[in-house]
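Read the figures in this text as sums done on the coordinates, not as results from a lab. This one's a predicted model, so the numbers in the text were calculated from it and none came from an experiment. Ideal geometry is used to build each Cβ from the backbone, glycine not excepted, and the neighbour counts take in all protein chains shown.
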Amino acid sequence: MNGNPKPDIRSLSRKELDEFLCSIGEKPFRTKQISDWLWKKGCRSYEGMTNLSLSLRNQLDGSFSFHIMRELHRQVSRDGTVKLGYLLYDGVVIESVLIPADERTTACISSQAGCALGCTFCATGLLGFNRNLTAAELVDQVWNLNEVSHQLHRIPLSNIVLMGMGEPLLNYPQVMRAIDLITATEGMGISPQRITLSTVGIPKMIRQLADDQVKAHLALSLHAATDAARDRIIPYNKQYPVPELVSALRYYHKKTGKRFTIEYLLLKGINDSPGDARSLLEFCRNFPVKINLIEYNPVEGVDFQRSGIKKMKEFRDILESHNLVVNIRQSRGKDINAACGQLAGRTRDEEREM
Ligand code: SF4
């Protein structure tokens, strides 16, 4: 581990950068100059910031660093999905995924290294929690995947989903800061409507999202609509059972007026019966939603099996017969363990030494 005590300059908000520059006697226009270097030109060192004085560059260097992430490995799936492993400055490894589809590319990024919530179907959950990612590390993933999108598809990123490793709402301050940086006009200028925050359902933080009027789209990884079924696959549900989640989501809808997406992974014999579909119907009576039924991808060391396609369609039909909007999603990148629930940030020692 080669920890660096200086914060990454790219994790500062515009206000914090303003305050720092003011504290060393610099003029306010410097904030824009530095932001342009960081966010428009992708500058990753102070030497390159040629319109700043040497003295200012030295002062910046004395206070802030660049925690550069290094690409460790890149795997390309038969369906074009690309999984990238990144080595962070302190030796931690994370994974991000680029998913191409119909003239669009979606970046699936990680918000934490590992995850504390231990969902029993998820490869990241098996790892346990390592640490929260900083806003700069979140933005770096977006930046890098945007480059990969240009390289491979000649288009910029169309969408960003926080569905990689970790629970974004348990890293709320850094995730919000990253969204600000990604969406700011002096940042990457990506519309918040193109960002999806995916959560397993942290009631207190869902209320916080509503209070903060966060514009990103919300996706709830529900996976089961009763406590009995949900407790088996999402241990965190025992602390905050389904009625508390419903109450927080009602609050969210009332305060924002927004519809959200329910992600539902179909696991054979666990949550895929007609009774489970009816429980989901009951759950959905509380607010307007769109439902994605997701096919399960095998995870090493985990016993679950995916539901058959016939079962998935039966499940969908029950929901659709009550006028719910339902899509069946086939996971992308499953041959390279890049699909939903498969990210584990594993790397071989020789890759680290590259
Ligand atoms: S599904 Fe999400 S919340 Fe659950 S263990 Fe995996 S990364 Fe964490």
note = With +1 at each Lys and Arg Cβ and -1 at each Asp and Glu Cβ, the charge dipole magnitude of the chain around its Cα centre, to the nearest 20 debye, comes out at 840 debye
request  = For the chain, compute Rh as the Kirkwood radius over C-alpha pairs and then the Stokes-Einstein diffusion coefficient at 10 °C and 1.306 mPa s; write the answer in µm²/s, rounded to an integer.
outcome  = 74 µm²/s
Normalised contact order of the chain, rounded percent, pairs of Cα under 8 Å and 6 or more residues apart = 16 percent
ask   = Of all the Cα-Cα pairs you can form in the range 9-63, what percent are over 18 Å apart?
value = 20 percent
Counted charge near PRO241, where neighbours are those whose Cβ lies closer than 10 Å (Asp, Glu -1; Lys, Arg +1) = -1
key: Neighbour-limited loop hits for trypsin sites (Lys or Arg not before Pro), the range 1-97 (at most 12 other Cβ within 10 Å; DSSP other than H, G, I, E, B)   = LYS41, ARG78
ask   = Taking the Cα-to-Cβ direction at SER273 and at ARG44 and moving 7 Å from each Cα, how far apart do the two end points lie in nm?
value = 5.2 nm
The chain: calculated mean residue ellipticity at 222 nm from DSSP helix runs of at least 4, using -39500 (n - 2.57) = -10000 deg cm²/dmol
Length-normalised contact order for the range 9-63 - Cα pairs under 8 Å, 6+ apart - percent = 21 percent
task = Considering only DSSP beta bridges where both residues belong to the chain, give the percentage that are antiparallel (nearest 5).
result = 45 percent
ask   = Taking only Cα atoms, what is the 0 to 90° angle, nearest 10, from helix 14-23's long axis to the longest principal axis of the chain?
value = 20 degrees
remark   = With Cα coordinates, the longest principal axis of the chain makes an angle with the long axis of helix 135-153, in degrees rounded to 10, of 80 degrees
ask   = Any idea which of GLN305, THR106, LEU218 is furthest toward the positive side of the dipole for the chain, if Lys and Arg beta-carbons carry +1 and Asp and Glu beta-carbons -1?
value = LEU218
Cβ-based net charge around ALA228, under 13 Å, with every Lys or Arg adding one and every Asp or Glu removing one = 0
note = Helix 274-284 sits off the longest principal axis of the Cα atoms of the chain, rounded to the nearest 10 on a 0 to 90 degree scale, by 50 degrees
request  = Could you grab the Rg to Rh ratio for the range 1-123? Cα atoms only, Kirkwood for Rh.
outcome  = 1.06
task = Place a +1 charge on the Cβ of each Lys and Arg in the range 9-63 and a -1 charge on the Cβ of each Asp and Glu, then give the dipole magnitude about the Cα centre in debye, rounded to the nearest 20.
result = 240 debye
